[in-house]
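The values are calculated or read from the model by the stated rules, or taken from the named source; none is laboratory data. The model shown is predicted, which means the values in this text are computed figures rather than measured ones. Don't worry about glycine lacking a Cβ; one is built from the backbone with ideal geometry, like all the others, and counts go over all protein chains shown. These area figures cover heavy atoms from the full protein model, side chains too; ligands, DNA and RNA do not enter into them. Shrake-Rupley method; radii C 1.70, N 1.55, O 1.52, S 1.80 Å.
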2 protein chains.
Amino acid sequence: MNIMNGESLATTGLSELEREVIELFIRMADVLNLPRSVGEIYGLLFISSAPLCLDDCRIRLNISKGSTSQGLKILRSFGAIRTVYIPGDRKDYYLAETSLRKIASGFAGEQVRPHVDGGKERIERIRELLEEHGSAEREMIEDKIDLLENWQKRAGKILPLILKLIGG
Amino acid sequence: MNIMNGESLATTGLSELEREVIELFIRMADVLNLPRSVGEIYGLLFISSAPLCLDDCRIRLNISKGSTSQGLKILRSFGAIRTVYIPGDRKDYYLAETSLRKIASGFAGEQVRPHVDGGKERIERIRELLEEHGSAEREMIEDKIDLLENWQKRAGKILPLILKLIGG
DNA sequence: CATTTTGTTCAGTAATTAATGAACATTATG
DNA sequence: CATAATGTTCATTAATTACTGAACAAAATG
């Protein structure tokens, strides 16, 4: 186990290096609109040499069972972590996925694509509303909706390209 | 002005079409981690045929002066709106910028780049911490930090490419 | 089949984030 | 220069979001 180094109880068990790495991922989580705890868990798994189970994460990060369970679920949902089976142990163990391509495409599919698709539906709805509109402003509005649709389509096409750029 | 159509007072002044467009931008704001009111204001300006002033936005969206002022400030900060001077009027009027290239590059520069740069600094700090580390785990950790740095650098290079893809 | 281990769910609470509006600047107007 | 118009700031409040922990599966163990 870890050698204690005279730090406060709250951070016991995490080296300064670990804390720094975890904080990096907390910031990333923030940018990606994910809960802080998700960043913490991923960070811990990322820097860990061995796979960790739910209780390892919970104890070392000092967060609740519920948050840990939820966080692992989210990370699994877009493939940022992998489950490792350890023979003779009932617990699930986790390892951070380190292929940026895999993580990014999982994230795109689970957390981004739904929004893009939702936007598409909404634009269709807006087009319908446009039917019931006086012709004075109508043409001008139609141009704006065209523009919106254009953005929408570009977003849909660029997303896969970004993944290509990331992935190799 | 707008023809009233027997709706609740709270939404008076916004046609269903306007409300739908605004809601689209509220969702976008959410994805981009911007306050809802920022999405509302941009949406209103986007669909408006004429430039609007602070009070126009405030009244039509039924939000406070403070939020409106703040929202316009944020939108100006990354070039999502432009100021229009109307002769003989002391008020500032605003128009939505409709060049996706301009908005995206403004957003990247103001809201994304700082995070990427912050990450770079943190990785440097982590490298320093690595110096004071036992050699048992050290090599393994070093590999991970290399990986992190690699991600970091890729992010920095991909960002401009994305803007190229968007911009044309 | 009772008990233990492991993990999930979710109602309640805490923490965070955004919105409000009054006080304050700043500039124009008469 | 007093008053009005316009916009900003920021302490307070409201709304949202994340976290907690106890209750609840589900499955393994003895």
The size of the Cβ-based charge dipole (Lys, Arg +1; Asp, Glu -1) of segment B:74-116 about the Cα centre, to the nearest 20 debye, is 60 debye
Summarise the partner chain shielding of A:110-123 as one whole number: the mean count of Cβ atoms from other chains within 10 Å of each residue's Cβ.
-> 2
For n ≥ 4 DSSP H runs only, could you compute -39500 (n - 2.57) per run for the protein assembly as shown, divide by its residues and tell me the 222 nm figure to the nearest 500?
-> -21500 deg cm²/dmol
Here, GluC sites (Glu not before Pro) of segment B:73-168 satisfying both criteria (DSSP loop; at most 12 other Cβ within 10 Å) are B:GLU132
Given the protein assembly as shown reduced to its alpha-carbon atoms as identical point scatterers, what log10 I(q)/I(0) does the Debye formula return at q = 0.16 Å⁻¹?
-> -1.34
B:LEU159: net charge of surrounding residues, Cβ under 12 Å, Lys/Arg +1, Asp/Glu -1, itself excluded?
-> +4
Percent of accessible area on the protein assembly as shown owned by carbon and sulfur, 1.4 Å probe?
-> 52 percent
Once Rh is set to the Kirkwood radius over Cα pairs, what Stokes-Einstein translational diffusion coefficient, in µm²/s, holds for chain B at a temperature of 4 °C and a viscosity of 1.567 mPa s?
-> 68 µm²/s
Across peptide B:90-101, how many C-beta atoms of other chains are within 10 Å of each residue C-beta, on average?
-> 1
Once the label point is placed 7 Å from Cα along Cβ, list for A:ASP117 the distances to the corresponding points in the other copies, in nm, shortest first.
-> 3.8
The summed charge of the B:CYS57 Cβ neighbourhood (under 15 Å; Lys/Arg +1, Asp/Glu -1) stands at +4
Evaluate segment B:81-168: find the radius of gyration of its Cα atoms, find its Kirkwood radius, and give the ratio Rg to Rh.
-> 1.29
Hey, for A:ARG138 with labels 7 Å out along Cα-Cβ, what do the inter-copy distances come to in nm, ordered shortest first?
-> 7.6
Hits for chain A under the membrane-span-like helix rule (DSSP H, Cα axial span at least 20 Å, Kyte-Doolittle mean at least 0.0) are A:16-31
Straight-line reach from A:LYS91: which lysines have a Cα under 20 Å away, not including same-chain ones fewer than 8 places off?
-> A:LYS65, A:LYS73
Can you pull out the buried accessible area for chains A and B, both sides counted, probe 1.4 Å, rounded to the nearest 100 Å²?
-> 4000 Å²
